[in-house]
Amino acid sequence: MDIRICVIGLGYVGLPLARLFSTKYPTVGFDLKQELVNDLMAGRDTSLELGDELLRSALENGLVCTTDIERIRDCNFYVVAVPTPVDENNNPDLTPLVGASTTVGKVISAGDIVVYESTVYPGVTEDECIPVVERVSGLRYNVDFFAGYSPERINPGDKLHTVEHIKKVTSGSTPEVAQIVNNVYSSVITAGTHLAPSIKVAEAAKVIENSQRDINIAFVNELSKIFNRMGIDTQDVLEAAGTKWNFLPFKPGLVGGHCIGVDPYYLAQCAQRHGYNPEIILAGRRMNDGMGEYVANETIKLMLKKGIQVLGSHVLILGFTFKENCTDVRNTKVIDIYRVLKEYNLDVTVYDPWVNPAIAAQQYGITIVNELPVGKFDAAILAVAHREFSGFNLAALLNEDHVIYDVKGILDKSIIDGRL
């Protein structure tokens, strides 16, 4: 099979994948956002996942990014890498997947393969996505066209564990197609691949990866709340416990983003559809979803203990992205800290050099500053461990009487008033 690849969705997952595929195959990246495509074709990577130099190298070697559906009609190996969010009620929102499947249906031809990378619960690929492709294309699944599932394993902001250095799970709708899918991925993934026995197994493997992390982080978040009441430093406890060879090194914190903060809801809904009400999964979600509010309230308590006037006080939040050293603000839990503080009528400034203020304003209605603010603050909350905040002279921004709350546990213990 003469492989010609189209990657649909050029975000944090799709763009690095398209770049990698372009080193071996003719590759077209497709996205609906014209401004994004214009930036990419001009060699500007606004996500900072690739960097401009690597992107320009890929473009010189033949990678094409487009919003024109006609440009992807000649491809025969379609990879769908669009977001899979939840709605305001934490129910899976498959709208982006349905849209991408519709796009595939308009261009797919007999003998072609469509591979989904978006995180879903078991059954979505074949029960929700493939029927859309069939309806739009008029082709029959596993007769005229075929499918695969290879869950994304992108770690935004991580320049060490890039896509080619993370082992990839693959699968296909027939044994023969599974082998083709596996061969395509293994030809570019230096870490190797694992061929799952079915698409549903591959889907399930992905959704439990992040659910497992979510539950473990929820456990240490609960420990943090317990030890805080006891006057014990949680980080010290974890350091001591970590001397045992099989202790799992999870740390407390805010759990947001498009994976760990979302995937458990996909698994939970799937379980409920099959008549099982998950307890541990949803308990973990409740714990982690409440940590932003907890941090804000703890900061307020510390201010009151120090006799700092809360009403109208000035608070600085350092960091707004869902994790360090990346530009992604999707499902960031820092917004929960901000909103609770605003409920107390505090004057809150959010400083994050990584965030596009326009995106934050559009998604959250919040003003983000990229430059270090001028003035004195009554409290500071270090919410995200961006490298810019390492060795940061925080004292210069604070009044003599102040509170420092360290969510990430990276500041010197001698200067902080509280931390998770």
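The values are calculated or read from the model by the stated rules, or taken from the named source; none is laboratory data. Everything numeric in this text was worked out from a predicted model, so none of it was measured. Every residue, glycine among them, receives a Cβ derived from its backbone with ideal geometry; neighbour counts consider all protein chains shown.
List the pairs whose first member sits in region 15-34 and is under 11 Å from residue 63 (Cα atoms) and touching a residue at least 60 places away in the same chain (Cβ under 8 Å), whose second member is charged (D, E, K, R) and assigned to a helix (DSSP H, G or I), and whose Cβ atoms are under 6 Å apart, counting only residues at least 6 apart or on separate chains? Between residues of region 15-34 that are under 11 Å from residue 63 (Cα atoms) and touching a residue at least 60 places away in the same chain (Cβ under 8 Å) and residues that are charged (D, E, K, R) and assigned to a helix (DSSP H, G or I), the close pairs are 20/164.
Screening residue 124 on (1) within 30 Å of residue 355 (Cα to Cα); (2) touching a Pro at 6+ places or on another chain (Cβ under 9 Å) shows it passes everything except condition (1). The sole residue among 267, 248, 282 that is touching a helix residue (DSSP H, G or I) at 6+ places or on another chain (Cβ under 7 Å), in contact (Cβ under 8 Å) with a residue 12 or more places away in the chain, more than 27 Å from residue 387 (Cα to Cα) and surrounded by fewer than 19 Cβ atoms within 10 Å (Cβ to Cβ) is 282.
Based on what the data block shows, is residue 308 farther than 24 Å from residue 352 by Cα, touching a strand residue (DSSP E or B) at 6+ places or on another chain (Cβ under 9 Å), among the aliphatic types (A, V, I, L, M) and touching a residue at least 24 places away in the same chain (Cβ under 8 Å)? For residue 308, the condition - farther than 24 Å from residue 352 by Cα, touching a strand residue (DSSP E or B) at 6+ places or on another chain (Cβ under 9 Å), among the aliphatic types (A, V, I, L, M) and touching a residue at least 24 places away in the same chain (Cβ under 8 Å) - is met.
Okay, residues lined up against (1) without any contact (Cβ under 8 Å) to a residue 60 or more places away in the chain; (2) in a loop (DSSP other than H, G, I, E, B); (3) surrounded by fewer than 22 Cβ atoms within 10 Å (Cβ to Cβ):
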{"position": "90", "(1), (2), (3)": "no, yes, yes"}
{"position": "100", "(1), (2), (3)": "no, no, no"}
{"position": "103", "(1), (2), (3)": "no, no, no"}
{"position": "135", "(1), (2), (3)": "yes, no, yes"}
{"position": "147", "(1), (2), (3)": "yes, no, no"}
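Read through the list (1) farther than 15 Å from residue 141 by Cα; (2) part of a loop (DSSP other than H, G, I, E, B); (3) touching a strand residue (DSSP E or B) at 6+ places or on another chain (Cβ under 9 Å), then give the number of the only condition that residue 109 fails. Result: residue 109 fails condition (1) only.
Restricting 11, 29, 62 to residues that are in a loop (DSSP other than H, G, I, E, B) and in contact with a strand residue (DSSP E or B) (Cβ under 9 Å, 6 or more places away or on another chain) narrows the list to 62.
Okay, residues lined up against (1) surrounded by fewer than 22 Cβ atoms within 10 Å (Cβ to Cβ); (2) in contact with a His (Cβ under 6 Å, 6 or more places away or on another chain); (3) farther than 22 Å from residue 212 by Cα:
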site: 287; (1), (2), (3): yes, no, no
site: 292; (1), (2), (3): no, no, no
site: 297; (1), (2), (3): yes, no, yes
site: 305; (1), (2), (3): yes, no, yes
site: 315; (1), (2), (3): no, no, yes
site: 322; (1), (2), (3): no, no, no
site: 326; (1), (2), (3): yes, no, yes
site: 330; (1), (2), (3): yes, yes, no
site: 333; (1), (2), (3): no, no, no
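Answer with yes or no whether residue 355 is modelled with pLDDT of 90 or more, crowded, with 22+ Cβ neighbours inside 10 Å, in the same structural domain as residue 324 (by TED's automatic domain parsing) and more than 23 Å from residue 344 (Cβ to Cβ). Considered against the rule, which asks whether it is modelled with pLDDT of 90 or more, crowded, with 22+ Cβ neighbours inside 10 Å, in the same structural domain as residue 324 (by TED's automatic domain parsing) and more than 23 Å from residue 344 (Cβ to Cβ), residue 355 comes out as yes. Counting only residues that are over 24 Å from the mean Cα position of the chain (by Cα) and acidic (Asp, Glu), which one in region 33-87 is farthest from residue 117 (Cα to Cα)? Here the answer is 60. State which residue is modelled with the lowest pLDDT when the search covers only region 129-173 and only residues that are over 17 Å from residue 84 (Cβ atoms) and of a type in the set (Asp, Glu). Going through the qualifying residues, I end up with 158. The set of residues in region 164-182 being surrounded by fewer than 22 Cβ atoms within 10 Å (Cβ to Cβ), within 25 Å of the chain's Cα centre (by Cα) and touching a residue at least 60 places away in the same chain (Cβ under 8 Å) consists of 164 alone. Scan region 126-137 and tell me whether some residue there is at positive phi and not assigned by TED's automatic domain parsing to the domain that holds residue 268. Scanning region 126-137 turns up no residue that is at positive phi and not assigned by TED's automatic domain parsing to the domain that holds residue 268. Taken over region 321-346, the criterion of being in contact with a helix residue (DSSP H, G or I) (Cβ under 9 Å, 6 or more places away or on another chain) and either assigned to a helix (DSSP H, G or I) or farther than 27 Å from residue 84 by Cα (or both) is satisfied by 334, 335, 336, 337, 338, 339, 340, 341, 343, 344, 346.
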